Amino acid sequence: MYKRILLKLSGEQLQGEQNGGFDTDRAKWIAHEVKTAVQAGTQVVIMVGGGNYARGAQLANDAIQRITGDYVGMLATMMNALTLEDVFNHQGLDTRALTNVKSDQVLDQFTHRRAMSHLAKNRVVIVAGGIGRPFLTTDTAAVSLALELDCDAVIKTTKVDGVYSADPAKDPGATKYDTLSYDEVLQNPAIAVMDKAAIGLAMEQNKPVIVCDLLAAGNVARAAAGEAVGTIIS
Ligand code: UDP
């Protein structure tokens, strides 16, 4: 049983079956999954992505700077944090959202002390704004936050039940890895589960990353309990 985990949720997961935006039903379902882990005694920190609204690299073009796009992406993560916080609290899961991008009227600023104080009260902490700087993604921000908040593992939830040798949606011969070393992930160009920067940081600090399917009921709680789910990168 892990004492504390960092759960990375992408924007795509929050849009449910829609093509964008925020799906309340999906968020309620995630609340239930997280609640199971919390009730079993694991504290949960969530880093939210923003790809359901905007991604910096996709917005950038001849007229829009990449940095501008990245700030829009960070704002997108804040929209997700706001609505996810409401849904979690509505579902009876005591939750506070914080942001790494200054925006006093919208969300409380992330500080280490504030986050730790919420966790001490067994609240779920959602963090928006990534790291608050451009040219990064929320995957790298997730690993960094896991280190800062002393989480035992990073749980990166995906659409399939772990890391495969190829995309299982396209290649029927793709096989799943139960375990991988950081080096194997960094050196294999076919493995693109997380940015290399995120994996590099996890490797340097020896922080395990568990890749598993969000939509398999009970997976988050099982990963939090230390059971073998998906693929563990360590
Ligand atoms: N972003 C950033 N710095 C950060 C985190 C995120 O600039 O520390 C921007 C970046 O443009 C990114 C967008 O915010 O594309 C949304 O985050 P991400 O793409 O990681 O969301 P996800 O794919 O997980 O939904």
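What follows draws every value from the coordinates through simple rules; no lab data is involved. Owing to the predicted nature of the structure, the values given are computational and were not obtained by experimental measurement. When we count neighbours, we look across all protein chains shown, and the Cβ atoms used for this are built from the backbone with ideal geometry, even at glycine.
Under the membrane-span-like helix rule (DSSP H runs whose alpha carbons stretch at least 20 Å along the helix axis, mean Kyte-Doolittle hydropathy -1.0 or higher), the chain yields 24-39, 66-90. Modelled this way, with points 7 Å down the Cα-to-C-beta line, the labels at A120 and E204 are 3.0 nm from one another. Based on the Cβ-Cβ distance from E184 to A228, what FRET efficiency comes out when R0 is 25 Å, to the nearest 0.05? FRET efficiency, E184 to A228: 0.90. For Q43, the residues 5 or more places off, or on other chains, whose built amide H falls under 5 Å of its own are R4, I5.
For the residue pairs K8/K207; K8/K159; K28/K207; K156/K207, the alpha carbons lie more than 18 Å apart in K28/K207. Sorting the segments 13-21, 159-167 by their mean number of nearby beta carbons within 10 angstrom, highest to lowest, gives 159-167, 13-21.
If you take the Cα centroid of region 92-108 and the Cα centroid of region 161-230, the two points sit 29 Å apart.
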